Structures are given as C-alpha cells and as structure tokens.
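For reference, the structure is listed below as structure tokens.
Values quoted throughout were computed directly from the atomic coordinates according to the rules given, and no laboratory measurement underlies them. Treat the numbers as computed from the prediction; the structure is a model and nothing was measured. Every residue, glycine as well, gets a Cβ built from its backbone with ideal geometry; the counts of neighbours run over all protein chains shown.
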C-alpha cells in the first residue's frame, strides 16, 4: 500500500529530478523513492561504520593491555620457583626411590 505525502522542495532540484526521471524512463515518484532508500541505507551504513570503529578501538585497548601484562608477568617470573623439598609427597617418593 502506498501513501501520498506532499513535500516542498526547491524548484531547481525538482527540475533536475524530473530531467533525471525522464532520462531514466521512470516516474518521478519512483526516482524519489529510490533516492530516499539509498539515503536511508547510507545512514544505516554510517551506524555500522560507527559500531566497527568502536569495536576497533576496544580491540586496540585490549592489545595495549596485553602488551603491558607480559612486562608485569616477567617480573613475577623472576621469583624463585617453590621448593619441591618442602612437598610431603616429593619427600616420600624420594625416600622410597
């Protein structure tokens, strides 16, 4: 179902649109409908681009954090490993072995 809506546009824009519609062999209303569809798709694409930019920013932040963490982890790895001599089961196995 199609609805009619009256809009006011500049006369030169209307003349250009009528010429384009005649050149393409389509009614002016079909040309305007397609132009609106394209505009709305472009707006929807801008939303997608914004979301992708946000995701990219989050990924960059995560990468920066993971680059910082190995430095902190390397300082932790300099600590001596726990002594196995203090482990009861290791001592029992050594006595039996």
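A few notes on this one:
- Of the residues 6, 62, the one with the fewest other Cβ atoms within 10 Å heads the list, and the complete ranking is 6, 62.
- Length gained on full extension, residue 90 to residue 33: 12.5 nm, using 0.36 nm per residue less the C-alpha separation.
- Normalised by 2.2 N^0.38 Å, with N the number of residues, the alpha-carbon radius of gyration of segment 11-76 equals 2.28.
- A full extension of the chain between residue 11 and residue 23 corresponds to an added length of 2.5 nm, given 0.36 nm per residue minus the alpha carbon distance.
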